[in-house]
Amino acid sequence: MILDHLAVAGATLEEAVAHTEEALGIPLGPGGAHARYGTHNRLIGLEDGLYLEAIAIDPDARPQEQPRWFNLDRFEGPARLSNWILRSENLEAEKPLLPPHAHRHVAMQRGDLSWLMTVPADGLLPFANLFPAVLEWQAEPPAARLPQSGCRLRRLIVSHPEAAALQAALDRILSDPRVEVEPGAPAMMAEFATPHGTRLLR
């Protein structure tokens, strides 16, 4: 599997966008809505085939009858880097490599984009929501369509009290020197090279 994109969550999309733009010094582009989970987003293209999304619950969406992805039903506090997403070329075949709680996948669509994605039934990914979600694109990935921002991911640091167990689970699915796991309170931090120099997104 390979790194596909990062997600910044907020209590509102405006808060998530403002937090991302302030951290990187780059304006986000448009996005869209996800009817299945009642969320909406805005996107920015990164180098190396990655992208970044700001995401939040859409107040205009119909009430949900299922827990939302990324644990957004329980989101509180300031906007922050909340999730990271890997790409699989064959999610069904690679699901046995994932922790049991991340085995369930759903079919998603936004506009002409379609994909399969691991979303636990309660919306909470393993390791306090810090284990990556995994998707399989059924169409061209959005990163190929997005204008380049001039930002490149240098490091993604994932902190968790059970760092050794998290690292062991990740070793089964990912080999990426940019991703570092360290012991500590659950959190993520991404370091970017940007047109304005090195910037940190937490």
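Results, tabulated for the structure shown:
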{"item": "Qualifying trypsin sites (Lys or Arg not before Pro) for region 130-159 [loop in DSSP, other Cβ within 10 Å: at most 14]", "result": "145"}
{"item": "Calculated from backbone phi, Karplus (6.51, -1.76, 1.60) coupling profile of region 34-43 in Hz, x at Gly/Pro", "result": "10, 4, 4, 10, x, 10, 9, 8, 9, 10"}
{"item": "Extension reserve of the residue 33-residue 109 stretch, reckoned as 0.36 nm per residue once the Cα distance is removed", "result": "26.4 nm"}
{"item": "Built amide H within the under 5 Å cut-off of residue 86, gap 5+", "result": "4, 133, 134, 135"}
{"item": "Computed [θ] at 222 nm, helices only, for the chain once each DSSP H run of length n ≥ 4 contributes -39500 (n - 2.57)", "result": "-3500 deg cm²/dmol"}
{"item": "At R0 = 30 Å, FRET efficiency that the Cβ-Cβ distance of residue 64 and residue 18 yields, to 0.05", "result": "0.75"}
{"item": "Normalised contact order of the chain, rounded percent, pairs of Cα under 8 Å and 6 or more residues apart", "result": "23 percent"}
{"item": "Sites residue 144 and residue 95 - FRET efficiency at Förster radius 22 Å, r taken between beta-carbons, to 0.05", "result": "0.30"}
{"item": "Proximal charge balance of residue 92 [Cβ under 13 Å; K/R count +1, D/E count -1]", "result": "-1"}
{"item": "For region 8-23, 3J(HN,Hα) per residue [Karplus equation, 6.51 cos²θ - 1.76 cosθ + 1.60, θ = phi - 60°, Hz, x = Gly/Pro]", "result": "10, 9, x, 4, 9, 5, 4, 5, 5, 5, 4, 5, 5, 5, 5, 5"}
{"item": "Dipole magnitude of the chain, debye to nearest 20 (Cβ charges: Lys/Arg +1, Asp/Glu -1, about Cα centre)", "result": "80 debye"}
{"item": "Once exposed loop GluC sites (Glu not before Pro) are cut out (DSSP; at most 11 other Cβ, 10 Å), longest piece of the chain", "result": "90-202"}
{"item": "Largest to smallest principal axis extent of the C-alpha atoms in the chain, angstrom", "result": "40, 39, 34"}
{"item": "Estimated vicinal HN-Hα couplings, Hz - region 151-159 in sequence order (Karplus 6.51, -1.76, 1.60; Gly, Pro = x)", "result": "9, 10, 6, 9, 8, 10, 9, 10, 9"}
{"item": "Length released on extending from residue 11 to residue 164, taking residue separation times 0.36 nm less the Cα-Cα span", "result": "52.0 nm"}
{"item": "Cα centroid of region 135-154 to Cα centroid of region 28-93, whole Å", "result": "14 Å"}
{"item": "Difference of contour (0.36 nm per residue) and Cα-Cα distance, residue 175 to residue 196", "result": "4.7 nm"}
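Where a number appears in this text, it was derived from the coordinates with a stated rule and is not lab data. Fair warning: this is a prediction, and the values are worked out from it, not measured in the lab. All Cβ positions, glycine included, derive from the backbone under ideal geometry; neighbour counts span all protein chains shown.
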